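The values are calculated or read from the model by the stated rules, or taken from the named source; none is laboratory data. Only a predicted model underlies this, so the values are computations on that prediction, with no experimental measurement involved. All Cβ positions, even for glycine, are placed from backbone atoms using ideal geometry, and neighbour counts span all protein chains on display.
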Amino acid sequence: MFIAALFISMAVIMPSSAFAGSKRDARVAYVLKNLKLKSDVQEKFKPLLEAFLKELSDVKDPYEDLKDELQDAIDTNKLTAAQCDKLFELKQKQEEQEPAVLRKWYAKFKTVLTTQQAYKAMKLSDDKLK
């Protein structure tokens, strides 16, 4: 019982940025494992991958955070007009910014990786992780 309470209190206290960081670390490990790069290339690529995932997260987080905050209202179909508008605007902003971020980092990846590896890295970074 004490251990369960400890975990719950840590989850409440732990900032979401720490959780996001651990999810990002898992994604970095996943991409690197599946790319099977030589160690010298991996050493050059890893900081680029981390920066890319951080920037992509910065673009996606405002919408995702609000959606999480409003999930009960979404599930019960009780969103206000203002909440709908805010969700819509944040999603549109995300969808406008995301392609530029992807293009920018694909080009940067190709400075360290082959074109095929860069493409695969972009694809892997978008995989759903369990």
*Considering only the stretch 78-130, how many residues are modelled with pLDDT under 95, farther than 19 Å from residue 47 by Cβ and not aliphatic (A, V, I, L, M)?*
4
*asked:* Among the residues of the stretch 81-89, are any exposed (fewer than 11 other Cβ atoms within 10 Å of the Cβ) and either over 25 Å from residue 29 (Cα atoms) or not polar (S, T, N, Q) (or both)?
replied: yes
_Checking residue 24 against (1) closer than 21 Å to residue 120 by Cβ; (2) at pLDDT 95 or above; (3) under 16 Å from the mean Cα position of the chain (by Cα); (4) of a type outside the set (Ser, Thr, Tyr), the condition it does not meet_ = (2)
*Could we say that residue 3 is surrounded by 10 or more Cβ atoms within 10 Å (Cβ to Cβ), over 21 Å from residue 98 (Cβ atoms) and modelled with pLDDT under 95 here?*
no
